[in-house]
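Trainee: I am attaching a structure below and will ask some questions about it afterwards.
The values are calculated or read from the model by the stated rules, or taken from the named source; none is laboratory data. Everything numeric in this text was worked out from a predicted model, so none of it was measured. Here Cβ is always computed from backbone atoms with ideal geometry, including for glycine, and neighbour counts include all displayed protein chains. Just the protein is used for accessible areas: all its heavy atoms, side chains included, with ligands, DNA and RNA removed. Shrake-Rupley method; radii C 1.70, N 1.55, O 1.52, S 1.80 Å.
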Amino acid sequence: MIHTSVATSHKKKQIMSPTKLVALSFLAVIFVGSILLTMPFANKGAVKPYIDNLFVSVSAVCVTGLTPITLIDTYNVFGQIVVMILIQIGGLGFLTFLYLFYFMTRRQISLANKMVFQEALNQDNLQRLPRILKTIVIYTGVVEGIAAILWGIALAPQYNLPKTIYYGIWHAVSGFCNAGFDLLGSSSLIHYQNNFLINFVACAEIILGGLGFLVVLDILDKIKRERSHDCRFSFKRVIHSLSLHSKLVLIMTPTLLIGGTILFFIFEFNNPKTIGHMSLGWKLGASFFQSTTTRTAGFATVSMYDLRSVTKMLMCILMFIGGSPASTAGGIKTVTFALVVLMLIAVYKGREEVTVLGRRVKKRIVLRAFSVFALGLTACVLGVMILSISEPHLQLANIMMEVFSAFGTVGLSASVTPTLSVIGKIVIMILMYTGRIGPVSLILLFTRKSQNRASKEIRYPDEDVIVG
C-alpha cells in the first residue's frame, strides 16, 4: 500500500504540463508583486486598496500599462523599481530569468526544465534553447542600454543627473517590453508629442521589442552565414534564406504599421482635439506613433478619449492583432492573423491547404492560429458585454477600447481604467492575463490532459454537415 501511494503521488506530480508551469509562473510573480506594492515602504502616502495594487502588478507582469492610479503619485522609488522589475520579468518571461540564474550559478538544467523552456519559446529543438535564451538576454541588454541613454538625453533638460539616469533606465525597460508605463504623470507622452527624440526612441523600442526574439536570431544567423561565404555579401540572399516565420513577421510588421498610420491620419486629420492643430509633418509623425503604440506598447502622444469612434475601432483591430510571436508584445500576434487571412483566401479559392511564399503550412498550425483568433475574439466580446453591464456610465466605444487594450496587453485607455468598478477591474485583469499567456494556454491551465493514449488513436467515420 505504501508503494502504491508513493507511485500515485509521483504520478500526480508528473501531470502538470510545461504550459501550466509557464502560466502559473506568471501568476506567482503577479501575486508576489502585488504584496510588495501593498507594503507601506513602497508607497508615498496612504496605501491604496489591494485590488488597485494587484491591478498594477497584473498590468506590469502582463506588460500592459493600464492602471487605475498614477504611478509617480502613488509609489516611491522602491515601489517604482518593483514595477520596473515586474515589467522586465513579464516582458522577457520568468523562465528567461530562471535560465539566466542557472547559467550564472553554473547549475545543470534538467531535461524536465529544458522541456518547460522549450514549451515557453515554442521550439521543437532542445539544442537551440541555450543560444536562443542567451540571444534574448544580450539583445535586450543592448537595446535597453542604448534606449536608456537616448531617453536620458531627451529628459535631461527637465531633471537633475540622478533622476535623468533613473528615468532613462526605467522608460527604456518599459518601452522595450511594450509595457507603456511611465513616470511622467497621468497624460503619458502627450506633453512630448513634438519631441522628436522621445517619439523616435519610443517607436524604435516598441518595434524592436515586438519583432520577436526568434526573428532577430534568425536574421543574425543568416547574416553570419552569408559573411562566411567567399562571395560578395548579398542582403537579398539573407532575406531569401530566412525562415517562413521570419518572412511573415517582416511582411506583416511594416504592413500593419503603414496601414495603421495612413488610416489614423485620414480619420483624425481634421480633429482639433488630437492632430487637427498640428502641421502636416507632425500629423504624419503622430499618426505613425499611434499606429506603432497599438502594437501593444501603450504610450500615447494624443488624447485617447478625444479620438473619433471610427479611430477607436481601428485601434481595437490593431491592438487585437498585436506584435509578433516570442516577443515582448501581446495580442493574437501578427503571424496568427496572417494565417487566418491566408486560410480564408484558401477557402475562397477552393484549396484544402494553406500555402504562402512557396511553402505549405501544416494543418495543425493553421487550426491553432484559428483557435487563438476565435478564442481571443470570444474573450473580448464577453469582456465588452460584462463591462457594458457593470459600467453603465461608459460609452460602448470606450469600453471596447479598454477591453481590446487589455487583451492585447497594450495599455491605451480612453480615461476608463480609473473609473472601473471592482467587477470591471477583475474582468480587465483576467483579460490582461489571458492576452499575455494566450487563450489556448489559459484553457490548458484549467483542463486536465487525458492520459489515455489509446483514445487518441481512434478514428471515427466521416460525415458531412451543412456550413454557412
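Trainee: Consider Glu226 against the criteria (1) open to solvent by 50 Å² or more (accessible area, probe 1.4 Å); (2) free of Cβ contacts under 8 Å to residues at least 40 places away in the same chain; (3) assigned to a helix (DSSP H, G or I): it satisfies all of them except one. Which criterion is unmet?
Mentor: The failed condition is (1).
Trainee: Just checking, which of Leu431, Leu412 is modelled with pLDDT of 90 or more and assigned to a loop (DSSP other than H, G, I, E, B)?
Mentor: On inspection, the qualifying residue turns out to be Leu412.
Trainee: Consider only pairs whose beta carbons are under 8 Å apart and that are at least six residues apart or on different chains; among these, list those whose first residue lies in the stretch 410-433 and is without any contact (Cβ under 8 Å) to a residue 40 or more places away in the chain and open to solvent by less than 10 Å² (accessible area, probe 1.4 Å) and whose second residue is outside any helix (DSSP H, G or I) and not hydrophobic (A, V, I, L, M, F, W, C).
Mentor: Val416/Glu391; Gly424/Glu391
Trainee: For the stretch 135-159, enumerate the residues that are under 20 Å from the mean Cα position of the chain (by Cα) and surrounded by 14 or more Cβ atoms within 10 Å (Cβ to Cβ).
Mentor: Thr135, Ile136, Val137, Tyr139, Thr140, Val143, Glu144, Ala147
Trainee: Still on this structure, I have one more. Within the stretch 267-298, work out how many residues are in a helix (DSSP H, G or I) and either open to solvent by 20 Å² or more (accessible area, probe 1.4 Å) or not hydrophobic (A, V, I, L, M, F, W, C) (or both).
Mentor: Step one: of the stretch 267-298, the residues in a helix (DSSP H, G or I) are 267-268, 280-293.
From what's left, either open to solvent by 20 Å² or more (accessible area, probe 1.4 Å) or not hydrophobic (A, V, I, L, M, F, W, C) (or both): 267-268, 280-285, 287-288, 290-293.
The qualifying residues number 14.
Trainee: Of the numbered conditions (1) in a loop (DSSP other than H, G, I, E, B); (2) touching a Leu at 6+ places or on another chain (Cβ under 6 Å), Gln158 fails exactly one; give the number of that condition.
Mentor: The single condition Gln158 does not satisfy is (2).
Trainee: While we're on this one: Would you please name the residue that is modelled with the highest pLDDT, looking only at residues in the stretch 74-96 that are open to solvent by 40 Å² or more (accessible area, probe 1.4 Å) and in contact with a helix residue (DSSP H, G or I) (Cβ under 6 Å, 6 or more places away or on another chain)?
Mentor: Phe78
Trainee: Count, please, the residues in the stretch 173-218 that happen to be among the β-branched types (Val, Ile, Thr), over 20 Å from Gly145 (Cβ atoms) and surrounded by 19 or more Cβ atoms within 10 Å (Cβ to Cβ).
Mentor: Residues meeting the conditions: 1.
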